Structures are given as C-alpha cells and as structure tokens.
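Single-structure report; data block below.
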Amino acid sequence: MATELRGSWGGRARNLLGMAVDGLIASRWRSLTIIASVALSLFWVVSGLAISQGLKGQAQVALQGAGDLFVSADVFGADAPLKGDLANDLRRLPGVRRVTPRIIGRLRVGNAWASVVSRLVEDPSDLASNDLPPSGKVLVGSALAKRSGWKVGKRVLLEAQTSAVFEVAGLFDAGAGVGSAHTIVMEWSDIQRLFQRTEFVSDFVVDCEPGRAARLAESIAADRSLRVQTKDLVEQYLDRAYTRRAGVLLLVFAGVFAIAVPLFLLLAELGVSPRRRELGVLKACGWTTGDVLVLTLLENALLAVLGAASAVAVAWVWVRVFDAFWIRGFFIPGSTGTEGALTVPSEFSGMPVLVGGLLAVLLTTTAGLLSVWRSSTVPPAVAMQS
Amino acid sequence: MKRRRNLGLLAIAAVLVSGIASFTIDGVGPALEGTSAIRFQRITGGFGIGGVVEPSWCFHAMDPRRESLCPTALRPVPGLSTYCPLESTGLSDHGH
C-alpha cells in the first residue's frame, strides 16, 4: 500500500482513491457483504418509488387524454348519477365545445370486480367513435380476460340488473394502463340495458374552448346540486397523492434504517479492527487523523455508491424483467396474479435513483462514522500493539 | 498489486455502469406513453388514474373523478368507518 500523500490536490485525491480501492479489495468479503446488504435493503424502496413515479406518469397520460371538466350530481354531500338530459343545458353554455355523457358501473365477474364503461358518442369528429365496440360486443382489459379465461370471439355472460351475453371483440393490451386491467367497454344502449337505467348517467365529460375551463367550472358549480372537477384539481390530487405515497415509503424505510444502522455498525467495526495496526503505521509515517478519516470515509462512500448502483440495477431487473413479481400486489392493489397481463408502470429516472443513492450514503457513513473515528484517533504506538 | 487494483476498478465501473444504464435505458421510451394507453383513455373519456386494478371497494381509489370522496372516510373526524384495503393507494386520502 502506498503511504505517500504528498503532491498536488489531484494527485493526493487519486492516491487516496487508489488506496480506498485497495482497502476494499483487501477485505473483499466484508465489502461484498456491505454492498449486498445495502442493495437488498434499498432495492424495494427504489422499486416502490419507481412504480409510484410510473403510476403518476400513467395518470398524467390519462389526464391529458380526458376532457376538461367532469360534472356529476351532489346528493347529500356525495357524488350521484344525474339526469342525461342535463347535457343539453350544458351544451348551451358559452365556451363549451362538447359534452359527453358517461356511464361507469361495476359488476362481478367470477371472483373479481370489473368496471363497466361506456360513453355516448354523438359527435362524428369524436375520435372514440371509431374505437367503441358495436352493440352486443365488448372490449375487455387483459388482466380480467386472463383471470376469466376470456379470448377474442368468446361469448360471455355479464350480470348486473339484468343479464346479457356479449362477444369479446377485443382486448386492451398489458400496456394500456392499470385502469384498463379490469375494465369492460361496451356500447351505450347495451350498458343502459344491462344496468336498467336509461334516464341517468354517471357524469358528463365537458371539453371546453382553450382558457375557458375555470370560468365554466364556476358557472356550472353555481348550481349547488352539481359537483364539478377540473383537470387542474385532479392534477393536484395526483401530485399530493403520489408525493404522499413516496413519503409513506420513505417512512417505512426509516424503520428499516433504524434496524440496519447497528448491523452496519457491526460490519464496519469488524472491518476496521483488523486494520488498526495498518492505520497506526500510516500515522507513524506522518498521516494526520484527517487523512485516515478521509481514507476510511472514502471507502464507505465507495461501498455506498456501489450498493446504490446495485440496488437500482436489481430493482430495474425485478420490476422490468420479472414484472415486480411478489411485490406488485403491495404497490398496486388487486394486481396479484396478473403477471404477463398487466405491465407494471415504472420510471427509474430522477427521484428513485437520487433517493436510493442518498439513503445508501447515509446508511454506510452513519454506521461507519463511529468505528472510523475510533480507529483514526488511536495513537500510533497503541495501534501498533493491537 | 496494480493488477488487483485495476481489476477492482473494473468491477466498480461495471457495477456503476449497470446502475446508470438502468435509468438511462429507462428514459428511452416509457411504456405508459404507448398508443394502447392513449387509445383506452380516448375510448373511456378518461378513466383510471389511481394505482388500483379493480373497483372492489369503491371507485374513489381508482378514479376520484368518478367518486370524489372516499366512502369510508369520517370527515371531519379523522379516520375511516371501516377497514379499506385501498387506503394505501394514496388517492384515497387526497384531502379534497
């Protein structure tokens, strides 16, 4: 091991880095154990944050593809269906481009629940008019199809207020989003017949002229029997909800952190004790306590960076290659057993990687600080005797 | 010694590259931008912004536009009236 630390700042840093690498190689089993421990304790936090980011991104796509305002009835402080003919009143408001009535219901399919969605397409310029299935046919989410053993062309019985047989005309693929997984889309008159409701709709999707949404929302909400949600408001929900979810994940990690620190402390102590004599030699050669401290902290920082990189790589493989096997149900309720039929949304850029790196550095340096300090402040004579 | 150090540096570089690659490859084309997701949203008029697969409990956690309040919430009293398995999804407590 080189003991010279003279020279320029760059040369000195290079020497220290080289010595830190030598130190890690010399105690390779300890290094590998720490890297593996950091990776294992961090990978699921990184996975969770990445899935949370992915869900948020997917929700933003969903928002962009939707209308500007969502109008439902307010009955006793809760959302309720409203009369379909109210659409004509809304269409007359200045700034309204299109009002689309929707029915969103739910029904039981075997052991699972399915959302049933339809919208009334009256405007030929509405792009959805080409995609909606004709009467007697349905489009089905891939996870529901997998669970129920449905395939394209199969005739299936759906039961709500009445029952009817439909032909599966197509499946939404695994990448169509979490919201599509258990959704059945059908034609307008079919859904009215299935739920035995012809007068009522779940809500109206209102497309507005640019810059008119806020004013229109106020004007519609003046009728206290209506509840209006704007795109901006929903964006706020999303932001708050997914930030909160990330916060909860980090809080859970704080518990793991509290348990992990003493373990890492023990590992660090085990690693430093045999080197006390070596550090004593360095100090006898003129190294200051600061130099020794920097060297050992550099070793810990290298371990942290390697642990964080391993955690990100393992998390990526786990989520992207193995589709978040075993942990998907925890992050996306109801998704257990949908492997292959539902792509788990995830985004590894930005926050998950940054948080993973910071946590790894915090974990190894916090745990190693005490043993490093103890070893670097031992007088050379005492260290040589140990 | 020098050979061992080089091998060590190589191993460190390999681990770092795999970590960095994980999120740089990721940025190339996230699946959520895919046409199938956009097509689904177009057909439904916008549905499913929560990270929940099925409306087993309520629609609120799946999409607060369909049901803007959590049916189990006891507002203004903190807490829930019953256990809700979707509470952990985040959207079920957006404070609206």
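Computed from the coordinates by the stated procedures, all read-outs in this text should not be read as laboratory data. Since we're looking at a predicted model, the values are computed, not measured. Ideal geometry is used to build each Cβ from the backbone, glycine not excepted, and the neighbour counts take in all protein chains shown.
For a Förster distance of 35 Å, can you work out the FRET efficiency between the beta-carbons of residue A:40 and residue A:12, rounded to the nearest 0.05? E between residue A:40 and residue A:12, to the nearest 0.05, is 0.50. For the peptides A:175-182, A:64-71, B:35-42, A:81-88, the ranking by packing is A:175-182, A:64-71, B:35-42, A:81-88, with the highest mean count of neighbouring Cβ atoms within 10 Å listed first. Among A:300, A:111, A:15, the residue with the largest mean-square fluctuation in a Gaussian network model of chain A, with springs joining Cα atoms closer than 10 Å, is A:111. Here the Karplus curve 6.51 cos²θ - 1.76 cosθ + 1.60, taken at θ = phi - 60°, turns the phi angles of segment A:137-151 into couplings of 10, 9, 9, 10, x, 5, 5, 5, 4, 5, 5, 8, x, 8, 10 Hz, with x standing for Gly and Pro. Seen against the Cα atoms of chain A and their longest principal axis, helix A:351-376 is set at about 20 degrees.
The mean sequence separation of alpha-carbon pairs under 8 Å and at least six residues apart, normalised by the residue count of chain A, gives a relative contact order of 28 percent. Shielding by partners for peptide A:12-22, expressed as the average number of C-beta atoms from other protein chains within 10 Å of each residue's C-beta, is 2. Working note: Karplus 6.51/-1.76/1.60 with θ = phi - 60° gives segment A:304-321 the couplings 5, 5, 5, x, 5, 4, 5, 4, 5, 5, 5, 4, 4, 4, 4, 7, 7, 8 Hz, where Gly and Pro are set to x. Note on A:62-71: average number of Cβ atoms from other chains within 10 Å of each residue's Cβ is 5.
Computed over the Cα atoms of segment A:82-201, what is the ratio Rg over Rh, Rh following Kirkwood?
In segment A:82-201, Rg relative to Rh is 0.99.
With a Förster radius of 56 Å applied to the C-beta separation of residue B:13 and residue A:152, the computed FRET efficiency comes to 0.70. The ranking of A:188, A:44, A:373 from fewest to most other beta carbons within 10 Å of each one's beta carbon is A:373, A:188, A:44. One way to sum up the overall shape of chain A is the equivalent ellipsoid from its Cα gyration tensor, whose semi-axes run 61, 23, 16 Å, largest first.
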